[in-house]
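Undergrad: Quick one: the structure is below, and I'll ask about it shortly.
Just so it is clear, none of the values below were taken in a lab; they were calculated from the coordinates. Everything numeric in this text was worked out from a predicted model, so none of it was measured. Counting neighbours? That spans all protein chains shown, and the Cβs are built from the backbone with ideal geometry, glycine included.
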Amino acid sequence: MAQTEFFDALETRSTDEREAALMAALTAQIAHAQQHAPAFAELLAGVDASSVTTRAALARLPVIRKHELLERQTALRAQDPFGGFSALRWGAGMGRVFASPGPIYEPEASTRDYWRAARALYAAGFRAGELVHNAFSYHMTPGAFILESGAHAVGCTVFPAGTGQTEQQLQAISELKPHAYTGTPSFLRILLDKAGESGADIASIRKASVGGEACPPSLTAWFAERGVAVYQTYATADLGLVAYETQAREGLVVDEGVLVEIVRPGTGEPVPDGEVGELVVTSFSQAYPLVRFGTGDLSAILPGHCPTGRTAPRIKGWMGRADQTTKVRGMFVHPSQVAEIVRRFPQVSRARLVVSGEMANDQMCLRVETGESAGSGLQQQLETLVREVTKLRAQVEFVPPGSLPNDGKVIEDARSYK
């Protein structure tokens, strides 16, 4: 049955109302980032914030990727561990600082539900007055705190279980009888399996918000058979909540506090709705104002609205990684190079570079969607350009428009490694 209750009125705004609010907030956020985050003062130098009032204008700004965060943080470690991306300093409203692999450091502002996770938990059925068993790690990374702060904002009490110590966790669950679980789906499965073996009573857990790894429909069904309704949350240490699953189970609804774009991998160019590409997110956090942050994850926009009545855009969920950089005959080939080749020929709508061969005999074939015939001269021009851009030779193959798979792949590594 479709859920009829919402976390707040923002979730059921009209599309036009939401877009107008996002564009107004975008202009203000870019100005804020330029003024208070030194990295964006440099990256967006010369950009008139007041002119960025449309998605087309936003698409002209650079995409900032995780490796750039790491590079800037590493270069400025002694002066500013956040590499100029944080608008906060020690104290001054910064409650905690976290470390993600790299290490990349992320600030947490001392504000209620800083990561905006409450919306996802509410959609998963969490309600005020309930106890949540939080099995995300409380060590260095923010995962546990993202969900804990969201649970507190909903009105829940949290048991900070963390990871490991399965027997002790089962004892705590059987005695405290929490209503809900947050953590990875794999650890929830371990708890349920171990409870079945030991006879521990953990039947109080009837719902869960999971993240950190994939939870395929088969696993969701496995949980449902054991009486636990599991909903996925897509959040990152850089951005907080990005999207969340609802009772409709039709994709993930984009959070009201971010602006999402899907771009062609290796570029900042938005793709049409429905086409798979890299998920790029602009956060409206005043503490950590990331503008056009490339997550490196693949997804696509789903058509229409969520059957629950939420009107925000929906994404298909996590569909793989966008970074398809591949080494061919000792040379790195990047998705951005394929995009550059396509950009030079309007006759080409899409392209896919297939790398094949075995025993170090690498071969490249650029498959391009075009209405041109093989004898038009375009084939030779493309082969020449591939050589110029990648410094490698490739065969060019024409395929009909719309025939390449819609999976976000720009480079396909089809080599045999046996």
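Undergrad: How much of the calculated P(r) for the chain lies past 27 Å, in percent of all Cα pairs?
TA: Details: 49994 of 87153 pairs.
The calculated P(r) of the chain puts 57 percent of pairs beyond 27 Å.
Undergrad: Using a 10 Å cut-off on Cβ atoms, rank the peptides 37-50, 125-138 from the highest mean neighbour count down. Show your work: numbers first, answer last.
TA: Details: 37-50: 16.1, 125-138: 19.8.
Output ranking for 37-50, 125-138: 125-138, 37-50.
Undergrad: Related question: Projecting each Cα onto the charge dipole of the chain (Lys/Arg +1, Asp/Glu -1 at the beta carbon, about the Cα centre), which of ALA200, ALA37, THR246 comes out farthest on the positive side?
TA: In the chain, that residue is ALA37.
Undergrad: Label MET23 and ALA75 with points 7 Å out from Cα along Cα→Cβ: what is the distance between them in nm?
TA: 3.4 nm
Undergrad: While we're on this one: When the label point is put 7 Å from the Cα of THR15 along its Cα-to-beta-carbon vector, which residues of the stretch 265-282 have a backbone N closer than 14 Å?
TA: Answer for this model: 273-274.
Undergrad: Can you list the HN-Hα couplings for the stretch 296-309, worked out from phi with the Karplus curve (6.51, -1.76, 1.60; θ = phi - 60°), rounded to whole Hz and with x for Gly and Pro?
TA: After applying 6.51 cos²θ - 1.76 cosθ + 1.60, I find x, 9, 8, 7, 8, 7, 8, x, x, 10, 5, x, 6, x Hz.
Undergrad: Using unit Cβ charges (K, R positive; D, E negative) and no other charged atoms, how large, in debye to the nearest 20, is the dipole of the stretch 164-312 about its Cα centre?
TA: Details: 10 positive and 18 negative charges, 72 e Å.
Computed charge dipole of the stretch 164-312: roughly 340 debye.
Undergrad: Can you order the peptides 157-170, 101-114 by their average number of other Cβ atoms within 10 Å per residue, highest first?
TA: 101-114, 157-170
Undergrad: Then there is this: May I ask you to list the GluC sites (Glu not before Pro) in the stretch 221-258 that are in a DSSP loop and have at most 16 other Cβ atoms within 10 Å of their Cβ?
TA: On the way: sites: GLU225, GLU245, GLU250, GLU256; in loops: GLU250, GLU256.
In loop regions of the stretch 221-258 (DSSP not H, G, I, E or B), the sparsely surrounded GluC sites (Glu not before Pro) are GLU250.
Undergrad: Let me ask something else. Can you list the HN-Hα couplings for the stretch 183-198, worked out from phi with the Karplus curve (6.51, -1.76, 1.60; θ = phi - 60°), rounded to whole Hz and with x for Gly and Pro?
TA: After applying 6.51 cos²θ - 1.76 cosθ + 1.60, I find x, 7, x, 5, 6, 4, 5, 4, 4, 5, 5, 5, 5, x, 6, 8 Hz.
Undergrad: A further question follows. Hey, got the dipole for the stretch 198-263? About the Cα centre, +1 on K and R Cβ, -1 on D and E Cβ, debye to the nearest 20? Let's see the in-between values first.
TA: Values: 4 positive and 9 negative charges, 70 e Å.
Computed charge dipole of the stretch 198-263: roughly 340 debye.
Undergrad: If you count the DSSP beta bridges with both ends in the stretch 304-418, what percent of them are antiparallel, to the nearest 5? Could the numbers behind the result be given before it?
TA: Values: 11 of 20 bridges.
Looking only at bridges with both residues in the stretch 304-418, the antiparallel portion is about 55 percent.
Undergrad: Moving on. Could you give the dipole magnitude of the stretch 9-315 about its Cα centre, charging the beta-carbon of Lys and Arg +1 and that of Asp and Glu -1, in debye to the nearest 20? Intermediate values should be presented prior to the final figure.
TA: On the way: 25 positive and 32 negative charges, 59 e Å.
For this selection, approximately 280 debye.
Undergrad: Here's another thing I want to ask about it. Using a Förster distance of 35 Å, how high is the FRET efficiency between ASN406 and TYR138, based on the Cβ-Cβ distance and rounded to 0.05? Present the calculation step by step, with values, prior to reporting the outcome.
TA: Working: r = 40 Å, r/R0 = 1.13.
In this case the efficiency is close to 0.30.
Undergrad: Give me a comma-separated list of calculated 3J(HN,Hα) values for the stretch 49-64, in order, Karplus coefficients 6.51, -1.76, 1.60 applied at θ = phi - 60°, integers in Hz, x for any Gly or Pro.
TA: 4, 5, 8, 8, 10, 9, 5, 5, 5, 4, 5, 7, 7, x, 8, 9
Undergrad: Turning to a different aspect of this structure: Positive end of the dipole of the chain, charges at C-beta (+1 Lys, Arg; -1 Asp, Glu), about the Cα centre: which of GLY183, VAL228, GLY320 has its Cα farthest in that direction?
TA: Projecting each Cα onto the dipole axis, the largest value belongs to GLY320.
Undergrad: Considering the dipole of the chain built from charges on the beta carbon (Lys and Arg +1, Asp and Glu -1) around the Cα centre, which of ALA135, VAL368, VAL271 is farthest to its positive end?
TA: Result: VAL368, furthest along the dipole toward the positive end.
Undergrad: Could you tell me the center-to-center distance, by alpha carbons, between the stretch 24-67 and the stretch 174-219 in angstrom?
TA: About 42 Å separates the Cα centre of the stretch 24-67 from the one of the stretch 174-219.
Undergrad: Now a separate question. First select every other residue whose beta carbon is under 15 angstrom from the beta carbon of LEU22; then total the charges, Lys and Arg +1, Asp and Glu -1. Don't skip to the answer; put the middle values down first.
TA: Numbers: positive: ARG13, ARG18, ARG55, ARG116, ARG292; negative: GLU11, ASP16, GLU17, GLU19, ASP255, GLU256, GLU261.
Net charge around LEU22: -2.
Undergrad: So, one more: Note the full-extension length gain between ARG343 and GLU213 as 0.36 nm times their separation in residues minus their Cα-Cα distance, in nm to one decimal. Could the numbers behind the result be given before it?
TA: Details: separation 130, 0.36 × 130 = 46.80 nm, distance 3.47 nm.
Using 0.36 nm per residue and subtracting the Cα-Cα distance, I get 43.3 nm.
Undergrad: Follow-up question, since we're still on this one. Could you pull out every residue, at least 5 positions away or on a different chain, whose amide H is within less than 5 Å of the one on THR246? Hs are placed 1.01 Å off N in the peptide plane, and Pro or chain starts have none.
TA: Residues meeting the criterion, in which the H sits 1.01 Å from N, are VAL253.
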